[in-house]
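This report refers to the structure that appears directly beneath it.
The values are calculated or read from the model by the stated rules, or taken from the named source; none is laboratory data. Remember, it's a predicted structure, so these values are computed and weren't measured experimentally. When we count neighbours, we look across all protein chains shown, and the Cβ atoms used for this are built from the backbone with ideal geometry, even at glycine.
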Amino acid sequence: MTSAAVQDAPVKASPFFEEKVLWVKHWTDRLFSFGLSRPESFRFRSGEFVMIGLPGEDGGKPVLRAYSIASPSWAEELEFFSIKVEDGPLTSRLQKIQPGDTVLLGKKPTGTLVLDALKGGKRLFLIGTGTGLAPWLSVARDPEAFSRFEKVIVCHGVREVDELAYRDFYTADIHDDPLVGDEAKAQLSYYPTVTRQPFERQGRFTDLINSGRLFRDLGLDGEKFNADEDRIMLCGSMDFIKDMGALIESHGLIEGSNAEPGDYVLERAFVG
Ligand SMILES: Cc1cc2nc3c(=O)[nH]c(=O)nc-3n(C[C@H](O)[C@H](O)[C@H](O)COP(=O)(O)OP(=O)(O)OC[C@H]3O[C@@H](n4cnc5c(N)ncnc54)[C@H](O)[C@@H]3O)c2cc1C
């Protein structure tokens, strides 16, 4: 090979942006959130996920995992809501990031928890457990959610009360949001439930739906989802997704996708 050929060999573009950590907030010893700078060319639809990670240790390969983007598509920075797994290859290290550190950000956001994958309707239920709340932080701050639906209902299920991260956000702070504050005041409901500690509402979503309590609590007509009017997004563990998907289908709703919008869509919040 000539030296010219060596010089002209194309430089392989990195599949990742290297972004700065802007802030970190620890909710509990199992949960934290952080903000990253957003590259100008990085586009996504509210509700999508992307690979994020850290460079490998001692020159090893980078460690990357899928993460829902918790900020809406219009935001200047990117927000993430994360678990801390004690011996997790990524989060054992990620939980120690500080403002100014660098995090790798994939260039290809994707996913099915997007408004485009749902047909029109009256009520949008965003139902998630644990860090499965993350995509709703994005979708429920997107003006399109409020223009397409009369009501947006964020349902968050956790084991313990202090895992209700973003409770203050949904009950108060979002009302001051310059873009969707007025819509949130008029159209957004927040519906938390806790399974392993006393709380104003307890139990799993499948039980709250089967007993009709969810519909009564929200002042809705009937005790089932209505396939003509209700649209649903689901995000949580594999078991949650499976049980909820089957339950929702038994109410007559049909799963949608980017290619063929439907009545509900789902995504796993983690593998395991
Ligand atoms: C589409 C998609 C979107 C995701 N979005 C998020 C997100 O927004 N926030 C987030 O924290 N994680 C999210 N995850 C999970 C994430 O990809 C990693 O699994 C997580 O960051 C832990 O990485 P780790 O390398 O530390 O441990 P891993 O080796 O990846 O996981 C170790 C074990 O920890 C448990 N675990 C992993 N993630 C979670 C979780 N989120 N909640 C409860 N238990 C978990 C599982 O039992 C898993 O087997 C998502 C996963 C997928 C597939």
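Within segment 34-69, the set of residues being among the acidic types (Asp, Glu) and either out of contact with any Lys or Arg (no Cβ under 9 Å at 6 or more places or on another chain) or not assigned by TED's automatic domain parsing to the domain that holds Pro99 (or both) comprises Glu40, Glu48, Asp58. Strands (runs of 3 or more DSSP E) fully within segment 72-135 that include at least 2 residues being crowded, with 23+ Cβ neighbours inside 10 Å and in contact with a Phe, Trp or Tyr (Cβ under 8 Å, 6 or more places away or on another chain): 77-83, 123-129.
Please verify whether segment 188-195 includes one or more residues that are in contact (Cβ under 8 Å) with a residue 24 or more places away in the chain, touching a His at 6+ places or on another chain (Cβ under 7 Å), not charged (D, E, K, R) and not in a helix (DSSP H, G or I). Within segment 188-195, one or more residues are in contact (Cβ under 8 Å) with a residue 24 or more places away in the chain, touching a His at 6+ places or on another chain (Cβ under 7 Å), not charged (D, E, K, R) and not in a helix (DSSP H, G or I). Taking the numbered list (1) within 23 Å of Leu234 (Cβ to Cβ); (2) more than 8 Å from the ligand (Cβ to nearest atom) in turn, Glu77 passes all entries but (1).
Within segment 49-71, being modelled with pLDDT under 95, within 15 Å of the ligand (Cβ to nearest atom) and outside any loop (DSSP other than H, G, I, E, B) holds for one residue alone: Glu57. Identify the single condition in (1) surrounded by fewer than 16 Cβ atoms within 10 Å (Cβ to Cβ); (2) in contact with a Ser or Thr (Cβ under 7 Å, 6 or more places away or on another chain) that Phe32 does not satisfy, given that it satisfies every other one. Unmet condition: (1). Kindly list, by first and then second residue, each pair from a residue in segment 243-272 that is more than 16 Å from Thr112 (Cα to Cα) to a residue that is modelled with pLDDT under 95 and among the hydroxyl-bearing types (Ser, Thr, Tyr), limited to pairs with Cβ atoms under 9 Å and residues at least 6 apart or on different chains. Here the result reads Gly272/Ser237, each pair linking segment 243-272 to a residue that is modelled with pLDDT under 95 and among the hydroxyl-bearing types (Ser, Thr, Tyr).
Looking across segment 214-272 at every residue that is charged (D, E, K, R) and touching a Cys at 6+ places or on another chain (Cβ under 8 Å), the one that is nearest to Ser46 (Cα to Cα) is identified as Glu267. Among the residues here, Thr193 does not qualify as among the β-branched types (Val, Ile, Thr) and either in contact with a helix residue (DSSP H, G or I) (Cβ under 6 Å, 6 or more places away or on another chain) or within 16 Å of the ligand (Cβ to nearest atom) (or both).
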